[in-house]
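This report refers to the structure that appears directly beneath it.
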Amino acid sequence: MRAMTLSTPRPVHDRPLTLIDLPMPEPGEDEILVKVHVCGVCRTDLHQVEGELPMHRTPVVPGHQVVGTVEKLGPGASRFKLGDRVGMAWLHHTCRDCAYCHRGVENLCPTATFTGYDAHGGYAEYTKVHEDFAYRLPDGFDDLAAAPLLCAGIIGYRTLRLSGIKPGGRLGIYGFGAAAHIAIQVARHWGCEVYVFTRGKSRQQLGLDMGAVWAGTSTDAPPNKLDAAVVFAPAGPLVPDALGVLAPGGAVALGGIYMSEIPPMDYTRHLYHERVLRSVMNATRRDGEELLELAVTIPIKTKTTVFPLEETNDALIALMDGRIEGAAVIAVT
Ligand SMILES: [Zn+2]
Ligand SMILES: [Zn+2]
């Protein structure tokens, strides 16, 4: 099968992924073989191919927003039937037996594995996953529309949840890429007043078009103090900026897997008044199921730019250069 693989991390402009022929994966016990239709591109892919995240497997097929159909069932697999449409997300497998797994925070499982990182992902014609870690995808979304929900959507949703934002509250969104595009629709559905902080007038305008009451850069002062903020851009200097515009008791949740250095902060200006700063690590299957349900109810609209499999490097370059509005998606078959 055709697959885009990463062997040695290097700058994305050096085209780190190579198209090679890999043997077809064979689904093991309780696993399903998935024929990949499309796979969404995520900012995590950039951190991975450029080496900001250490390699866990060499070579590896990245890609963790997989939409496809069940092609083959491994021994014992019975949750899906052949031809069912399924999604795969970043969380690939957990032990299901540690304290974290029992507590409902399987995203923190110390032996969790991740799609496209520990296990081959979706930039290939086929991939496989334990049936319990695949998502049944609702109708009403075509493959392209569903792909960005699987990471940008799920992680964005968990980030919103962990920010503690309440219906009707004032929410800041920092960075306006794929995750923000989806999160703003959820926040608006909850009746929140949304403030978008992003560089670039066109992104600010997009935020306003999508229902934000205010848009500016991270150093602009919004007209009101905010109850919570979510940060999707991987830029450390945004952290004190976001904390600085919070009302007392407010929280900032950081949605990225990687962030550049956070500058020194001032206790009184940034943290006192019971303000909270927290990160988000992965997401649980429950987050995924809730987000997919919301996506149908709202319904969430996703904006996508499509690239063929052999142009995955071009998709990564376009994302790095800020040329993707919404989400990039690789069309595999
Ligand atoms: Zn566990
Ligand atoms: Zn992702």
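Using 1/(1 + (r/R0)^6) with R0 = 51 angstrom and r between the beta carbons of Ala247 and Val306, what's the FRET efficiency to the nearest 0.05?
On the way: r = 41 Å, r/R0 = 0.81.
So the FRET efficiency works out to roughly 0.80.
If each residue of separation counts as 0.36 nm, what is the full-extension length gain between Tyr258 and Glu293 once their alpha-carbon separation is subtracted?
Values: separation 35, 0.36 × 35 = 12.60 nm, distance 2.79 nm.
Full extension of this stretch gives 9.8 nm more.
If I model a spin label at His189 and Met55 as a point 7 Å from the Cα along the Cα→Cβ vector, what separation in nanometres do I get?
4.0 nm
Loop only by DSSP, 12 or fewer other Cβ within 10 Å of the Cβ. Give me the chymotrypsin sites (Phe, Trp or Tyr not before Pro) in segment 218-302 that pass, ordered by residue number.
Working: sites: Phe232, Tyr258, Tyr267, Tyr272; in loops: Phe232, Tyr258, Tyr272.
Within segment 218-302, the qualifying chymotrypsin sites (Phe, Trp or Tyr not before Pro) (loop, at most 12 other Cβ atoms within 10 Å) are Tyr272.
Leu22 label point, 7 Å along Cα→Cβ, cut-off 12 Å on backbone N: hits in segment 50-81?
57-64
Do you know the Lys pair count in the chain for C-alpha distances under 21 Å, with sequence separation 8 or more or different chains?
Taking the chain as the scope, the lysine pair count is 8.
Rounded, prolate or oblate for segment 188-245? Axes are the square roots of the Cα gyration tensor eigenvalues, ordered a ≥ b ≥ c, and the cut-off for rounded is a/c under 1.5. Walk me through the numbers before you get to the answer.
Numbers: a/c = 1.62, a/b = 1.20, b/c = 1.35.
Because a/c hits 1.5 or more and a/b fails to exceed b/c, segment 188-245 counts as oblate.
Counting each DSSP H run of 4 or more residues in the chain as -39500 (n - 2.57), what helix-only mean residue ellipticity at 222 nm follows after dividing by all residues, to the nearest 500 deg cm²/dmol?
-6500 deg cm²/dmol
Antiparallel as a % of all DSSP beta bridges within the chain, to the nearest 5?
Numbers: 31 of 58 bridges.
The answer is about 55 percent antiparallel.
Under a plain spin-label model, where a point goes 7 Å from the Cα along Cα-to-Cβ, how far apart in nm are Asp142 and Thr217?
Taking the simple label geometry, Asp142 and Thr217 are separated by 3.8 nm.
Along the Cα-to-C-beta direction of Asp14, a point sits 7 Å from the Cα; which residues of segment 22-59 have their amide N less than 14 Å from that point?
Only 49-52 fall inside the zone, counting backbone N under 14 Å.
Points 7 angstrom from Cα along the Cβ direction at Asp132 and Arg96: gap in nanometres?
Spacing of the two 7 Å Cα→Cβ label points: 0.1 nm.
Taking the Cβ of Ala183 as the centre, find all other residues whose Cβ is under 12 Å away and add up their charges (Lys, Arg: +1; Asp, Glu: -1).
Values: positive: Arg158, Arg161, Arg188; negative: none.
It works out to a net charge of +3.
For the ranges 221-229, 40-48, what's the packing order if you count other beta-carbon atoms within 10 Å of each residue, average per peptide, and put the highest first? Can you show the working numbers first?
Details: 221-229: 18.2, 40-48: 25.7.
Output ranking for 221-229, 40-48: 40-48, 221-229.
Given a Förster distance of 51 angstrom, what is the FRET efficiency for Lys81 paired with Arg269, based on the Cβ-Cβ distance and rounded to 0.05?
Values: r = 58 Å, r/R0 = 1.13.
So, using R0 = 51 Å, E works out to roughly 0.35.
All of the numbers you see were taken from the coordinates with simple rules; none came from a lab. If you're wondering where the values come from, they're calculated on a predicted model, not measured in any experiment. So basically every Cβ, Gly included, is an ideal-geometry build from the backbone, and we count neighbours across all protein chains shown.
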